[in-house]
Amino acid sequence: MRKKTRLIHGGITSDEHTGAVSVPVYQVSTYKQDGVGQHKGYEYSRTGNPTRFALEELIKELEGGCAGFAFGSGMAAITAVMMTFKQGDHVIFTDDVYGGTYRFVSKVINRFGIESSFVDTSETANIEAAITDKTKAVYVETPTNPLLKITDMKKVAELAKSRGLTFIVDNTFSTPYWQNPLEAGADIVIHSATKYLGGHSDVVAGLVVVNSEKTAEDVHFVMNSTGGVLGPQDSWLLMRGIKTLGVRMEEIESNTKSFVEFLETLSEVTTIYYPGLKNHKGRQVHETQAGGYGGMISFDVGSGERAGQVLRNVKYFTLAESLGAVESLISVPAMMTHASIPAQRRAELGITDGLIRVSIGLEDIEDLKEDFLQALRK
Ligand SMILES: *Cc1c(COP(=O)(O)O)cnc(C)c1O
């Protein structure tokens, strides 16, 4: 099965009892038992629910893993994965991980004695240098937010394997349509399905796929014990969104390439970050491990004032956090998603006041260009 077909026919796609071509929403909490312990595979919906299971089977197939899990948000998914570790364990993270992940590991899970370090994982040597005898895992995002830095997953997988570490990848930006970290040697893949997988800004969800029965048992144990599961209605909505992931990602890809070409012609725009640019550091690595460059672009318009002017005047770009939706979204990381990072650290990372991040959607790209231009030159 090729990937577009798998989006439609993967996992559990229909109802065997009625022939319905969409999985029913099993809006139920418990299941009748014929005798004590005699059930049809479901006992209680925190432990398992047929609609959620259909989604879990689908993401498992899309990522090529051995089990999938659906959580109430990306952060709930990340929390569950981190809770498979124990007091005294140490995990190495990409230095510009998603802000919520940074907050969780540096302000919450550290209180339970799980320690973390943040390094630029685009150089594998930095990971190697950060390994201690307590290190249990490496956790990577590629491309990152907002500077689209690339990490070589095969190299990290080799290092992790040789040192007995679990290799975790947050694959939210690329989606399983463009990138499959388990194929590159990762052990666990995480998604904020709130973004491209859902795709319509109408559901908050998180997914995990693992590559071994042992890890599956560990994740399911934490999931069932802590209870951050996705409800049946949102599971259904997510399956519906995933059916069109292929056409959306293809269209977003061509829209984004076209928008980058347009940005290159504007004198006000200085640096552009996009993995498809010839001079983008990591472009070649990205091309070996991903089939597309995705819909995220960051670029500098020179000053915070000009960035503010653009944000105030755009009509078709929605000023909002998040990404991966049908509508194009625009934000200024220094003032929004990355505002909690001290100004000096932001400068070191290259997150300037004039840096704008866009998530290109499915509007007519000519409208997006016209809209951006009028806002920039107002
Ligand atoms: C949004 C996001 C998350 C968190 O997911 P939620 O669904 O918002 O909880 C994690 N990682 C990345 C890369 C994200 O973009």
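The values are calculated or read from the model by the stated rules, or taken from the named source; none is laboratory data. This one's a predicted model, so the numbers in the text were calculated from it and none came from an experiment. Every residue, glycine among them, receives a Cβ derived from its backbone with ideal geometry; neighbour counts consider all protein chains shown. Each accessible area value is taken on the protein alone, full model and side chains, heavy atoms only, with ligands, DNA and RNA left out. Shrake-Rupley method; radii C 1.70, N 1.55, O 1.52, S 1.80 Å.
Kindly indicate the residue of segment 234-279 that is part of a loop (DSSP other than H, G, I, E, B) and in contact with a strand residue (DSSP E or B) (Cβ under 8 Å, 6 or more places away or on another chain) and also nearest to ASP364 (Cα to Cα) among those meeting that condition. Let's see the steps before the verdict.
Step one: filter segment 234-279 for residues part of a loop (DSSP other than H, G, I, E, B), giving 244, 265-271, 274-279.
Going one step further and asking which of them are in contact with a strand residue (DSSP E or B) (Cβ under 8 Å, 6 or more places away or on another chain), we end up with 269-271, 274.
On the way: VAL269: 22, THR270: 25, THR271: 25, TYR274: 20 Å.
The selected residue is TYR274.
Considering only segment 229-254, state which residues are farther than 18 Å from ARG6 by Cβ and surrounded by fewer than 19 Cβ atoms within 10 Å (Cβ to Cβ).
Correct list: GLY231, GLN233, GLU251, SER254.
Please specify each residue of segment 159-217 satisfying the condition of being over 25 Å from GLU287 (Cα atoms), in contact with a strand residue (DSSP E or B) (Cβ under 8 Å, 6 or more places away or on another chain) and charged (D, E, K, R).
ARG163, GLU213, listed by residue number.
Out of all the residues in segment 1-23, which are in contact (Cβ under 8 Å) with a residue 60 or more places away in the chain and either closer than 26 Å to GLY228 by Cβ or open to solvent by less than 50 Å² (accessible area, probe 1.4 Å) (or both)? Reasoning before the result, please.
In the first step, residues of segment 1-23 are kept if they are in contact (Cβ under 8 Å) with a residue 60 or more places away in the chain; the result is 3-4, 7-8, 11, 22-23.
Passing the criteria: LEU7, GLY11, SER22, VAL23.
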